[in-house]
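Peer 1: Just passing along the structure, written as structure tokens.
The values are calculated or read from the model by the stated rules, or taken from the named source; none is laboratory data. The structure displayed is predicted, hence computed values, not measured ones. Cβ sites come from the backbone with ideal geometry, for glycine too, and all protein chains shown count toward neighbours.
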Amino acid sequence: MILKKGMFVFVMILLAVSIIGCSSEVSTKPQQTQQTSTPTSTPISTSTPESIISVTAKKLISDYDSNEIAADEKYKGKIITVTGEIDSVSKDILKQPFISLNYGCKAYFDKKYEKQLINLSKGDIVTVQCKCDGRFIFVTLKDCILISTTLKTTPTSTPKPTPTPIPTSKLPDVIVYVEGDQGIKFQGSIMIIQGTKSVSKSVQGTIPAKYEFDDVTMISVSFQKMSGGNKVLKVRIYNPQTGEDLVSDSTDVSYGLVVLTTQT
């Protein structure tokens, strides 16, 4: 009995020592803190798209002429709308269509927009929206789309009034013109046939002169210079109804003679 009690006490002591040792070991271990890494979120941009700049071709080129660095800062790489007058519509060596605007600006279009440019011509006013690519000789605009077009207007010409024709009844049938060097004296005779009747008359005068006759079916004239020298005497029988000469002739010999006969 005494032996059993002693064994029990011995076992309890060993158990107590074991418990104390475990507690000590646990307390002497460094405390490990579990850290949980939280992923960093990508910040969302709160900036708003830049406003599209609207400018005329004249202003755009003026800005580049004034300060190219400042103009690149303002326009290059940005979407802008440009309004200007067309100088020409063409294609480059790669068959890419483009519009040359006044003052030195070229707007390039995708080939799918080529049909929109068919009816454009020099002098039209257009507005295009493009990406500015800066200046190299010309200010270059790429990826353009056509926003609006104002076709040039051709001035309406005022029609000239139609001259009132002179009634043919007021015109003579024939006119005999005596022309040439002014001041030459001449003499001659004129014979006309009016139906079944013939009329003759003698004339004389100084160049220029003319004689009018109505109801003429046939006429015969002769005119002679009354002086020497090589001055010209010209005679023509003119039809005012048609505006054409029926017959004509001239002479520049001394005391030269011109004889004409024609039917009307």
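Peer 1: Run residue 171 past the list (1) exposed (fewer than 13 other Cβ atoms within 10 Å of the Cβ); (2) farther than 30 Å from residue 112 by Cβ; (3) modelled with pLDDT under 90 and report the number of the one that doesn't hold.
Peer 2: (1)
Peer 1: While we're here: Could you please find all residues in the stretch 194-224 being surrounded by 13 or more Cβ atoms within 10 Å (Cβ to Cβ), among the β-branched types (Val, Ile, Thr) and part of a strand (DSSP E or B)?
Peer 2: Answer for the stretch 194-224, where residues must be surrounded by 13 or more Cβ atoms within 10 Å (Cβ to Cβ), among the β-branched types (Val, Ile, Thr) and part of a strand (DSSP E or B): 203, 219, 221.
Peer 1: Now for a separate question. Please go through the stretch 181-193 and pick out each residue that is farther than 11 Å from residue 221 by Cβ, at pLDDT below 90 and either touching an Asp or Glu at 6+ places or on another chain (Cβ under 8 Å) or in a strand (DSSP E or B) (or both).
Peer 2: The answer is 193, and nothing else.
Peer 1: Which one of 118, 99 is at negative phi, surrounded by fewer than 13 Cβ atoms within 10 Å (Cβ to Cβ) and under 13 Å from the mean Cα position of the chain (by Cα)?
Peer 2: Working: 99 fails: surrounded by fewer than 13 Cβ atoms within 10 Å (Cβ to Cβ).
Within the list 118, 99, the selection yields 118.
Peer 1: Report the residue count in the stretch 225-248 for those that are part of a strand (DSSP E or B) and touching a residue at least 60 places away in the same chain (Cβ under 8 Å).
Peer 2: Kept after step one, since they are part of a strand (DSSP E or B), are these residues of the stretch 225-248: 225, 233-239, 244-248.
Subsequent filtering for residues that are touching a residue at least 60 places away in the same chain (Cβ under 8 Å) retains 236-239, 246.
Number satisfying all stated conditions: 5.
Peer 1: Residue 13 - would you say it is loosely packed, with under 14 Cβ neighbours inside 10 Å, in a helix (DSSP H, G or I) and either under 35 Å from the mean Cα position of the chain (by Cα) or modelled with pLDDT of 50 or more (or both)?
Peer 2: Spelling it out, residue 13 is indeed loosely packed, with under 14 Cβ neighbours inside 10 Å, in a helix (DSSP H, G or I) and either under 35 Å from the mean Cα position of the chain (by Cα) or modelled with pLDDT of 50 or more (or both).
Peer 1: Restricting to the stretch 221-234, name every residue that is over 12 Å from residue 187 (Cα atoms) and not basic (Lys, Arg).
Peer 2: Within the stretch 221-234, 228, 229, 230, 232 meet the criteria.
Yes or no, residue by residue, for (1) more than 11 Å from residue 132 (Cα to Cα); (2) assigned to a loop (DSSP other than H, G, I, E, B):
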position	(1), (2)
74	no, no
77	no, yes
82	no, no
86	yes, no
108	no, no
113	yes, no
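Peer 1: As an exercise: evaluate residue 127 against (1) at pLDDT 90 or above; (2) not assigned by TED's automatic domain parsing to the domain that holds residue 86 and give the number of the one condition it does not meet.
Peer 2: For residue 127, the failing item is (2).
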